[in-house]
Protein chains: 2
Amino acid sequence: MAKKPKLLSDMFHDTLKDVYFAENKILKTLPKMAKAAHSKELKAAFVKHERETRGHVKRLQDIFKILGKPARAKTCDAIMGITKEGAEIMTDYKGMPALDAGLLAAGQAVEHYEMSRYGTLRTWAEELGMKDAAALLDATLKEEKATDAALTTLAKSVVNVEAEHEL
Amino acid sequence: MAKKPKLLSDMFHDTLKDVYFAENKILKTLPKMAKAAHSKELKAAFVKHERETRGHVKRLQDIFKILGKPARAKTCDAIMGITKEGAEIMTDYKGMPALDAGLLAAGQAVEHYEMSRYGTLRTWAEELGMKDAAALLDATLKEEKATDAALTTLAKSVVNVEAEHEL
C-alpha cells in the first residue's frame, strides 16, 4: 500500500468514525442503565440523555455529509472498555445499595470520554476552517458537559446517601 | 459464595484498584508518547506528566494505607481501550504531519478518564467521611485538570498548524 501523507483532515475523518461508533454504542447502553437504576432521578437522567444522544448521532451524520463521506463507524476500543466496566458494575452490584453510585460513575466516565473527543473534534474543525461542523460539535459538547454536571449533582445528593444505607 | 451487601465503601475500594491499574499503565505509556511526539513542547508536556503520574501512584498507595488494605491493581478495561487507540495513532500516523495532533487527542482522552475517576473517588471519599483521602484525590484531580488544560492550549497552537502543513 502506497503511503500518502496523513493530515489533520484524515485524522478528523478517522475520529469522526470513532465517535460515531461510540455514540451508537452509548445509545444501546443507556436504556440498560436506566432500567438498572434504583433512583427515579437517575433513571430520568439516563432517559433524557438517550434522547439527546439520538440528536448527537444525527449531528455526526450531518458532519459526514459536510465532508461528502458516508456515515461509517469504526470500532472504538475506548468506549468498549468504558462500557464493559459499566456492565460489570451492573452485574457485580445488582440489587446492592451502591449500584446507583456505580451507574453514576460509569455514566460520568462515558461523558468524559465524549467531552474529550468532541473538544478535540471541535478544535480540529476550527483549524480546518469547517465552521458549520465546528458549530455542530460545539452544540453536542455543551450537552455532554451539561449531562456530566447533572450527574455530579445527583452523585452528591440522592444516590450516595442510599449507597451507605446499610453501614 | 455468600453475598453480603456491597456498599459504597466496597465500590470505593474496587475503583481505587481500577485507577491504580490505570495510573501504572499510563506511567508505561507516557514515555512512548514523549518519544513519538515531534513538537518539543508536546514532548516536554508528556515528560512533565510522567513525573506527576509517579506522584499520583504514590498518593493512591497512601489511600490504600488509610484503608488498611494492600495496594493492588485490578485490570481497567477503560484505560486499556483508551491507550490501545493511542497506540494505533502512533502506528497509523508514524512520520505523518498529523501525528502530534493525534497524540494530543490521545493524551486528552486519558486525562478525561482520570478526571472522571478522581472526581468520583473524591465525592465518595467525602461521603464516607475520609477527609485525608478526599484531600489526596483532590490534589491529583487538580493536576489532571491542569494537564488537560495545558494540552488544550498546545492543541490550539503549535501542533495543528503543523498537521496541515502539507495541505
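Some points to look at:
- Residue tally, condition of a type in the set (A, V, I, L, M, F, W, C), at the interface with another protein chain (Cβ under 9 Å from one of its Cβ atoms) and under 14 Å from B:ILE63 (Cα atoms), over region B:122-157: 2
- Flag for B:ALA22 being farther than 18 Å from A:ALA105 by Cβ and of a type in the set (A, V, I, L, M, F, W, C): no
- Top-ranked residue of region B:68-98 - restricted to ones that are assigned to a loop (DSSP other than H, G, I, E, B) and among the hydroxyl-bearing types (Ser, Thr, Tyr), ranked as nearest to the other protein chains (Cβ to nearest Cβ): B:TYR93
- Matching residues, region A:99-116, being open to solvent by 10 Å² or more (accessible area, probe 1.4 Å) and at the interface with chain B (Cβ under 7 Å from one of its Cβ atoms): A:GLN108, A:HIS112, A:MET115
- Residues that are of a type in the set (A, V, I, L, M) and either in a helix (DSSP H, G or I) or open to solvent by 60 Å² or more (accessible area, probe 1.4 Å) (or both) were ranked within region B:37-50; the one that is nearest to B:ASP92 (Cα to Cα) is B:LEU42.
- For region A:1-29, taking the residues that are surrounded by fewer than 21 Cβ atoms within 10 Å (Cβ to Cβ) and hydrophobic (A, V, I, L, M, F, W, C), the one that is nearest to the other protein chains (Cβ to nearest Cβ) is identified as A:LEU7.
- In this entry, B:HIS56 passes the filter for residues that are open to solvent by less than 20 Å² (accessible area, probe 1.4 Å) and over 28 Å from A:SER9 (Cα atoms).
Yes or no, residue by residue, for (1) in a helix (DSSP H, G or I); (2) modelled with pLDDT under 95; (3) in contact with an Asp or Glu (Cβ under 7 Å, 6 or more places away or on another chain):
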| site | (1), (2), (3) |
| --- | --- |
| B:VAL110 | yes, no, no |
| B:TYR113 | yes, no, no |
| B:TYR118 | yes, no, yes |
| B:LEU121 | yes, no, no |
| B:GLU126 | yes, yes, no |
| B:ALA134 | yes, no, yes |
| B:ASP138 | yes, no, no |
| B:LEU141 | yes, no, no |
| B:GLU144 | yes, no, yes |
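- Filter result for B:MET33 (within 14 Å of chain A (Cβ to nearest Cβ), modelled with pLDDT of 95 or more, assigned to a helix (DSSP H, G or I) and surrounded by 15 or more Cβ atoms within 10 Å (Cβ to Cβ)): no
- In this structure, B:THR53 does not satisfy being outside any helix (DSSP H, G or I), touching a helix residue (DSSP H, G or I) at 6+ places or on another chain (Cβ under 9 Å), more than 9 Å from every other protein chain (Cβ to nearest Cβ) and among the polar types (S, T, N, Q).
- Flag for A:MET130 being open to solvent by 10 Å² or more (accessible area, probe 1.4 Å) and touching a Lys or Arg at 6+ places or on another chain (Cβ under 9 Å): no
The values are calculated or read from the model by the stated rules, or taken from the named source; none is laboratory data. None of these values were measured; they are calculated from a predicted model. Glycine also receives a Cβ, built like all others from the backbone with ideal geometry; neighbour counts cover every protein chain displayed. With ligands, DNA and RNA removed, areas are computed over all heavy atoms of the protein, side chains included. Shrake-Rupley method; radii C 1.70, N 1.55, O 1.52, S 1.80 Å.
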